[in-house]
Amino acid sequence: MSMFYQPLTAEEAIAYLARENTMACAGGTDLYVNRKHGKFLDKDYVSLDKLQELKQVTKKADGWHVGSMVNFACAEKLEIPGAACLAMAAAEVGAPQIRNRGTVGGNIVSASPAADSVPALMALDAKVMLRSVSGERVVPLTDFMKGPGKTDLKPGELMTEIIVPEGKGSSVFSKAGKRNALAIAVCSQAVYLETENGKITEIRVALGSVAPTAVRAYRAEALLKGTEEKALTCAEFKAALKAALLEDISPIDDVRATKEYRQTVAFRMLMHNLSVLWKEETVC
Amino acid sequence: MLNIQLTVNGELHTILIDPAETLLHVLREKLGLTGTKEGCGEGDCGACTILVNGKSVNSCIYPAIQADGCEILTVEGVEKNPKLARIQQAFVDHGAVQCGFCSPGMIMATCALLDENPTPTDEEIRRGLSGNLCRCTGYQAMVDAVKSLI
């Protein structure tokens, strides 16, 4: 039978995680569904629920440090400059009951390709901080996500914080699902934009549910950087942008949607998100 | 096996649990509080909604051990809790109960919604109850019941 350790400090938690056959339990909203399906039943669990130090959000020199145990009910109220997409993504997670329990760190480590918070954090260029008995390391989120259910988390490591750099631009998150609540995304997208004198100076686009992990759309970003708003109405530019975006993503047919539907939605979302952000940028 | 302490509907209990047992299982099987229902068992339907320290949660995917020392409110609390009793009466008055299986979860979700936002808009009511499914699809009567409490 599984053991269930309840450490009170991160220090104590990593000592438990150093033991054989242990895994962390954050809010349990994913772990307990997996257990119902017979997964991880032989593991011992290290509960992170009592680690107050991982439930804090603090501003430091390199950005905002969001504790991995910050739940989505709290994350949807965050007001980090330039990071509206994170709060918007948090508000789209499950339903109130899930948002009261599900955590940002848990969402990342579960590594669902459809995780709502991951594209938002990728568009914000977030990094994750990992601690184990042998030390601490910081990994860009884009490198941390390895595949469906797979991350770069090493045995014995605990994700303690997510570092979100403060941006001077604006960001937005969109999600398409079969219904508004409790829906797994068919396609989700976060865009971060900075403009100067009517030109895009910085853009980061990240998508969920259209590849084995959430992905950055580097080709589309390269095309968009330096362009003006009117370029977005030019048919030729739009065709090139769509082609670039479709190269960035690799959606598949599954029970929720077809590959073609996801491609169409991904591009329309990009055009929509750019127009929303462009308005915000010009008002500022 | 290990002991946890829960204050359920105002009463303190010391309960012997399996380490990975769910809170739903403890409530139904150890305390005999069968008002809280198991629907999907995966946190999708909200039939098992209860309040832990005032926050609505799906008890079917809640590790009981993490609730050690917490205050729990279940639909049985309606006996002693005037606010819950009002919600129950509003559901009755508006015919917001069909087969009744989702009702305990709906009532608990309404309780959490009104605690956080005593004057929700229609949109906010629907968002507040979005984690609770009704297979009889009697949603409008429930929204009307919640509106009557504002």
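Every read-out reported here was derived from the displayed coordinates using simple, explicitly stated rules and does not represent laboratory data. Since this is a predicted model, take the numbers as computed values, not measurements. Cβ atoms come from the backbone with ideal geometry, glycine included; neighbour counts cover every protein chain shown.
By the gyration tensor of its Cα atoms, with a ≥ b ≥ c the square roots of the eigenvalues, what is the shape of segment A:119-276: rounded for a/c under 1.5, prolate for a/b over b/c, or oblate? Oblate shape, in that a/c is at least 1.5 and b/c is the bigger or equal ratio. Kirkwood Rh over Cα pairs of segment A:1-49 into Stokes-Einstein at 4 °C, 1.567 mPa s: D in µm²/s? Rounded to a whole number, D works out at 119 µm²/s. Excluding A:Arg219 itself, calculate the net charge of residues whose Cβ lies under 10 Å from the Cβ of A:Arg219, where each Lys or Arg counts +1 and each Asp or Glu counts -1. Net of charged neighbours comes to -2. Work through the residues other than B:Cys70 whose Cβ is under 14 Å from its Cβ and net out their charges, Lys, Arg +1 and Asp, Glu -1. Charge balance near B:Cys70 sits at -1.
Using the Karplus relation 6.51 cos²θ - 1.76 cosθ + 1.60 with θ = phi - 60°, the per-residue 3J(HN,Hα) values for segment A:27-36 come to x, x, 5, 9, 4, 6, 6, 4, 4, 4 Hz, with x marking Gly and Pro. Among the aspartates and glutamates, which fall within straight-line cross-link reach of A:Lys279, defined as a Cα-Cα distance under 16 Å, with same-chain neighbours fewer than 8 residues apart omitted? Result set, ordered by chain and number: A:Glu194, A:Glu196, A:Glu202, A:Glu228, A:Glu229. For segment A:1-88, the gyration tensor built on C-alpha atoms gives an oblate shape. Its axis ratio a/c (a ≥ b ≥ c) is at least 1.5, and a/b is not larger than b/c.
Distance check, please: which entries in A:Lys43/A:Lys77; A:Lys36/B:Lys83; A:Lys55/A:Lys150; A:Lys60/A:Lys175 exceed 27 angstrom between their Cα atoms?
Correct reply: A:Lys43/A:Lys77; A:Lys36/B:Lys83; A:Lys60/A:Lys175.
What is the list of residues in segment B:122-136 whose amide nitrogen lies under 19 Å from a point 7 angstrom out from the Cα of A:Glu76, following Cα to Cβ? It comes to B:122-134, nothing else.
With the simple model of a label 7 Å out from the Cα in the direction of the Cβ, B:Thr119 to B:Lys83 spans 1.8 nm. Estimated purely from DSSP H runs of n ≥ 4, each contributing -39500 (n - 2.57), the mean residue ellipticity at 222 nm for chain A is -9000 deg cm²/dmol once divided by its residues. Put simply, the amide H of A:Gly94, placed in the peptide plane, has neighbours under 5 Å in A:Leu182, A:Ala183, leaving out anything fewer than 5 places away on its chain.
Neighbour counts of C-beta atoms inside 10 Å place B:Leu133, A:Leu246 in the sequence A:Leu246, B:Leu133, starting with the fewest. Axis angle, to the nearest 10 degrees, between helix B:103-116 and the longest C-alpha principal axis of chain B: 80 degrees.
In chain A, the longest principal axis of the Cα atoms and the axis of helix A:259-283 are about 80 degrees apart. Each residue in A:Ile80, A:Ile162, A:Ile252 was given a count of other beta-carbon atoms within 10 angstrom of its own, and listing them fewest first yields A:Ile252, A:Ile80, A:Ile162.
Each semi-axis of the equivalent ellipsoid for chain B is √(5λ) with λ an eigenvalue of the Cα gyration tensor; in descending order they amount to 27, 15, 13 Å.
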